[in-house]
Amino acid sequence: MQPLIDTELWLARKRRALARPVEGADFLMRRAAEDLADRLGAVERRFGKAAALFCQTSAAFEVLAASGKVGEIVRVEMDEALLAGAPGLVAPPETVPFEDGSLDLVVSLLSLHAMNDIPGVLAQIRRALKPDGLFLGALAGAGTLAELRESMLAAETELYGGASPRILPFTDVRDAGALLQRAGLALPVADVETVVVRYDTLFDLAADLRAMGETSPLIDRSRRPGSRRLFARAAEIYAERFSDPDGRVRAGFSIVWMSGWAPDASQQKPLKPGSAKVSLKAILENPPKG
């Protein structure tokens, strides 16, 4: 498979963002951590050993610790800098550094969209889980930065007669569910949370993306330097198409949540065809009275 993403560039931008923190720019990670707390709270069980896999900050670790449901928590990051001095493991991108059947829970926040081989990572996660172990993951999904994508495409086409990719091709929620099934996870569920943020201009959005370390890591990204003229025109188009009555512009972020369990004999199984006690035909012909 031809890689789409320059993972080393993505990591370099994450390191730079960590070295130059901007207050408030971690709003997506904070939202994902809040969602993780809610989702974990709905699971009525305890977990002996959990991995916070490629979560970039301590937010997921803190959620797991505060839940009171996890015995041992291991942080895993792709770079020492992302651990920021905290205990944890450093593993190469797309590598799950655990023995088969050694984990009860794996969580991952907002990194999977920067992986070239998401199916391979999910398969490794499934193997690392004990039977009936749980995976909870969030990644940026389809619809993220759709307004910016459209505005940049329109501006570049208008000025240069064509355009090159500048924004990642994000996974949609249906594909996410299929990826869970492909990895061999049972009871797969994928859903999406949409976050809409408002900015004064496109340039303020771009500043937040730099502060997150989430500017384009595409290998096939445009090598044409972004001229002032290009960004000025893109900002005009953005304001024309995506502004509110007060003049501020909207930016949408989609967080796709994925959950699945390592297969176990104790789990619910779908009924086999023909095993239902009452047929649909009988119900339709003799509906319940009342």
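Quick check on the chain: take the gyration tensor over C-alpha atoms, sort the square-rooted eigenvalues as a ≥ b ≥ c, and tell me if it's rounded (a/c under 1.5), prolate or oblate. Please report the intermediate quantities before stating the final value.
Working: a/c = 2.04, a/b = 1.38, b/c = 1.47.
It is oblate, given that a/c is not under 1.5 and a/b is not larger than b/c.
Placing unit charges on the Cβ atoms of the charged side chains and taking the dipole of segment 19-172 about its Cα centre, the candidate lying farthest along the positive direction among Pro93, Phe61, Leu139 is Phe61.
So how tilted is helix 173-182 from the main axis of the chain? Cα-based, degrees 0 to 90, rounded to 10. On a 0 to 90 degree scale, this one is about 50.
Sequentially through segment 29-38, phi angles give Karplus couplings (6.51, -1.76, 1.60; θ = phi - 60°) of 5, 5, 5, 4, 5, 5, 5, 4, 4, 5 Hz, Gly and Pro residues having no value and appearing as x.
Could you list log10 I(q)/I(0) for segment 115-202 at q = 0.13, 0.16, 0.23, 0.25 Å⁻¹, which the Debye formula gives when each Cα is one point scatterer? Here the Debye-derived log intensity ratios amount to -0.59, -0.76, -1.13, -1.25.
Shape of segment 1-156 from its Cα gyration tensor (a ≥ b ≥ c, root eigenvalues): rounded if a/c is under 1.5, otherwise prolate when a/b > b/c, or oblate? List each step's numbers first, then the result.
Details: a/c = 1.62, a/b = 1.50, b/c = 1.09.
It comes out prolate by the Cα gyration axes.
Rank these for me by crowding, Leu139, Leu148, going from fewest to most other beta carbons within 10 Å.
Lowest count first: Leu148, Leu139.
Over the chain, dividing the summed -39,500 (n - 2.57) contributions of all DSSP H runs of at least 4 residues by the number of residues returns a 222 nm mean residue ellipticity of -11500 deg cm²/dmol. Each residue of segment 149-157 is assigned a 3J(HN,Hα), and the resulting list reads 4, 5, 5, 5, 4, 5, 5, 5, 5 Hz, derived from the Karplus form 6.51 cos²θ - 1.76 cosθ + 1.60 (θ = phi - 60°), x at Gly and Pro.
Counting neighbouring beta carbons within 10 Å and listing from fewest to most, the residues Tyr238, Tyr160, Tyr199 come out as Tyr160, Tyr199, Tyr238.
Specify the residue with the greatest mean-square fluctuation among Gln267, Gln56, Gln181, computed from a Gaussian network of the chain linking alpha-carbon atoms under 10 Å apart. Of Gln267, Gln56, Gln181, the most mobile in the Gaussian network model is Gln267. Compactness of segment 63-107 was expressed as the Cα radius of gyration divided by 2.2 N^0.38 Å, which yields 1.23.
Taking only the C-alpha atoms of segment 1-68, the Rg (one decimal) and the largest Cα-Cα distance, Dmax (whole number), read 15.1, 42 Å. Listed by Cβ neighbour count within 10 Å, with the fewest neighbours leading, Asp100, Asp175, Asp6 appear as Asp100, Asp175, Asp6. Taking amide hydrogens as placed 1.01 Å from N in the peptide plane, the amide H of Ile73 sits under 5 Å from those of Ala50, each at least 5 positions away in sequence or on another chain.
Every read-out reported here was derived from the displayed coordinates using simple, explicitly stated rules and does not represent laboratory data. Owing to the predicted nature of the structure, the values given are computational and were not obtained by experimental measurement. Virtual Cβ from ideal backbone geometry, glycine too; neighbours counted across all protein chains shown.
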